[in-house]
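Working notes, beginning with the structure itself.
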Amino acid sequence: MLSMTVLSNSFLAHFVLSFFELPSNLIGCVVTHYLGRRFMAFSNFLLLALCCLAAPFCTHSEWVLLTVVGFAKLFSTSALYVAYLMTPEVLPTPIRTSGMGTFVVFGMLGMVVAPHVLHSGLGEAGHYWILLALTGASALTMIPLPETLGLQLPQTFQEAEELGQGRPFKSWIHHWNLHRFPQPPPPPRDEHDEDSLMQKS
């Protein structure tokens, strides 16, 4: 968003990039529901990496570069949708709010650093290589996260640690094979808790 100098008219460049961003959340919603969170994340990281690789070689044409940057914005926004979706799905209830807050803070730090990167004298293609490196790092951090499609939100730290058991990394879990990966059984209730519920009722 801060690199609006692709075209001589920055307002037109902003409009085109915003146009590419419009379908990102809709695509993210549909794909994560039917094809899974991990598939959506890794496919977006791969497509975003390809855009970052292509952008430095498209600087000869303003509209070609703007198109590549537009698709990069589409894929990065879709990846951000997955991040906002999976963060509360893998964190237990006691730290879910603070975890989301930490996630947002690091996102804001990225926005603080971005102008300095753009004006650091790395050349026209420098920030694309940095974005490529960040995309690769993001893909690596996704590896230990389980597929959360169809899983209930973990309530305790123990449930969060056991989240994704029986869902190996190499398995592609999606809407049509979700029945092969059933929900884990609910944790046994303590008798004291059952007595408390009886007294309240």
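Please work out which one of (1) buried (at least 17 other Cβ atoms within 10 Å of the Cβ); (2) more than 15 Å from the chain's Cα centre (by Cα); (3) more than 29 Å from residue 156 (Cα to Cα) is the condition residue 123 fails and give its number.
Unmet for residue 123, out of (1) buried (at least 17 other Cβ atoms within 10 Å of the Cβ); (2) more than 15 Å from the chain's Cα centre (by Cα); (3) more than 29 Å from residue 156 (Cα to Cα): (1).
What's the number of the condition residue 57 fails, among (1) of a type in the set (A, V, I, L, M, F, W, C); (2) open to solvent by less than 60 Å² (accessible area, probe 1.4 Å); (3) over 30 Å from residue 179 (Cβ atoms)?
Result: residue 57 passes all but (2).
Is there any pair with a first residue in the range 116-133 that is more than 19 Å from residue 71 (Cβ to Cβ) and a second that is open to solvent by less than 50 Å² (accessible area, probe 1.4 Å) and outside any helix (DSSP H, G or I) whose Cβ atoms are under 7 Å apart and which are 6 or more apart or on different chains, and what are they?
118/3
Kindly indicate the residue of the range 84-105 that is within 26 Å of residue 23 (Cβ to Cβ) and without any contact (Cβ under 8 Å) to a residue 24 or more places away in the chain and also least open to solvent (accessible area, probe 1.4 Å) among those meeting that condition.
87
I want to confirm something. Restricting to the range 5-54 and keeping residues that are part of a loop (DSSP other than H, G, I, E, B) and open to solvent by 80 Å² or more (accessible area, probe 1.4 Å), which single residue is nearest to residue 78 (Cα to Cα)?
Going through the qualifying residues, I end up with 22.
Name the residues in the range 152-186 that are closer than 16 Å to residue 89 by Cβ, in a loop (DSSP other than H, G, I, E, B), modelled with pLDDT under 90 and hydrophobic (A, V, I, L, M, F, W, C), would you?
163, 181
Exactly one condition in (1) farther than 27 Å from residue 158 by Cα; (2) in contact (Cβ under 8 Å) with a residue 40 or more places away in the chain is false for residue 11; which is it?
Condition not satisfied by residue 11: (2).
If a residue must be acidic (Asp, Glu) and exposed (fewer than 11 other Cβ atoms within 10 Å of the Cβ), how many such residues does the range 132-170 contain?
Qualifying residue count for the region: 0.
Tally the residues that are in a helix (DSSP H, G or I) and either under 14 Å from the mean Cα position of the chain (by Cα) or of a type outside the set (A, V, I, L, M, F, W, C) (or both), restricting the search to the range 128-151.
Summing the residues that are in a helix (DSSP H, G or I) and either under 14 Å from the mean Cα position of the chain (by Cα) or of a type outside the set (A, V, I, L, M, F, W, C) (or both) in the range 128-151 gives 10.
The values are calculated or read from the model by the stated rules, or taken from the named source; none is laboratory data. It should be emphasised that the depicted structure is a prediction, and the values quoted were computed from it without experimental measurement. A quick note on method: Cβ atoms are made from the backbone with ideal geometry, for glycine too, and the neighbour counts reach across all protein chains shown. Calculation scope for accessible area: heavy atoms of the full protein, side chains included, ligands and nucleic acids excluded. Shrake-Rupley method; radii C 1.70, N 1.55, O 1.52, S 1.80 Å.
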